[in-house]
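Report on the structure given below.
The values are calculated or read from the model by the stated rules, or taken from the named source; none is laboratory data. If you're wondering where the values come from, they're calculated on a predicted model, not measured in any experiment. Positions of Cβ are generated from backbone atoms using ideal geometry, with glycine treated the same way; all protein chains shown enter the neighbour counts. All accessible areas refer to the heavy atoms of the entire protein, side chains included, with ligands and DNA or RNA removed. Shrake-Rupley method; radii C 1.70, N 1.55, O 1.52, S 1.80 Å.
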Amino acid sequence: MNRKEYLKQLEKYLRRLPSEDYQNAIDYFTELFDEAGPEREAEVIADLGSPKEASAEILSALLDKQMERHNELLLPSTGSHAKESNDGSPKRKGSLFSVILLVVLTICAAPIAAPLAITAVIFLLCGVLLILCMLFCLFTVGIALIGAGITAAVQSFTLLAGSFAVFAMTFGVSLLFIGLGIFLFVAGIFLSKWMIFTLISMINRMIRRR
């Protein structure tokens, strides 16, 4: 296998990456061959391993970077990380969908047995589906609480003429319902993200133990 054939197979494994990541990966491997020259082409290929192994390493490294970015968003840190974010360098934020797509590509490119890859993909999709169902339930309960709180708040004003104590208690309970509903919304978002990235980390460790 020569340089042209090697890069062509790499492009096949990496072509579903976002355009910026794809171009960076291809440029990286192209520079390796350019620096080595034609006389060391075979040595570079031997060091990199098969195109599938090399693409799996790149995808795994990209996945680790995406995980670090999202962990910083979920658990903001101070010190060196804060300085890095304030030095003017752009920090690209990948969407949750792009991270899920990246882990699927990593599984497919990893040099592991097909049954294990299929199991990992099914495990990921089932986990994401379960988390989405949990998120839907939390949002439904949250909407119900907010709706009940608003309704109770409006109705509490009809009690104002009769007893201020009853009005105050009813209005306070309505605010509590609204607060709980908003809390469920916020908690559901952070909990779902945390669960998805924990699931992705488990799958990534499983792949690396091949």
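The length gained on full extension between residue 132 and residue 175, counted as 0.36 nm times the residue separation minus their Cα-Cα distance, comes to 12.7 nm.
What does the C-alpha gyration tensor say about the overall shape of the range 11-58? Classify as rounded when a/c is under 1.5, otherwise prolate if a/b is larger than b/c, or oblate. Verdict is oblate for the range 11-58.
In order along the range 9-26, phi translates into HN-Hα couplings of 5, 4, 4, 5, 6, 9, 5, 8, 6, x, 3, 5, 5, 4, 5, 4, 5, 5 Hz, rounded to whole numbers, per the Karplus curve 6.51 cos²θ - 1.76 cosθ + 1.60 with θ = phi - 60° and x for Gly and Pro. Counted residue by residue at 0.36 nm each, then reduced by the alpha carbon distance between them, the extension gain from residue 4 to residue 65 reaches 19.1 nm. To put it simply, the accessible area of the range 1-55 at a 1.4 Å probe is 45 percent carbon and sulfur. Among 190, 164, 185, the sequence by solvent-accessible area, most first, with a 1.4 Å probe is 164, 190, 185.
Extending 7 Å from the Cα toward the beta-carbon at both residue 44 and residue 15 defines two label points whose distance is 2.2 nm. Measuring with a 1.4 angstrom probe and ignoring ligands and nucleic acids, residue 35 comes out at about 140 Å² accessible. Largest first, the residues 140, 158 sort by 1.4 Å accessible area into 158, 140.
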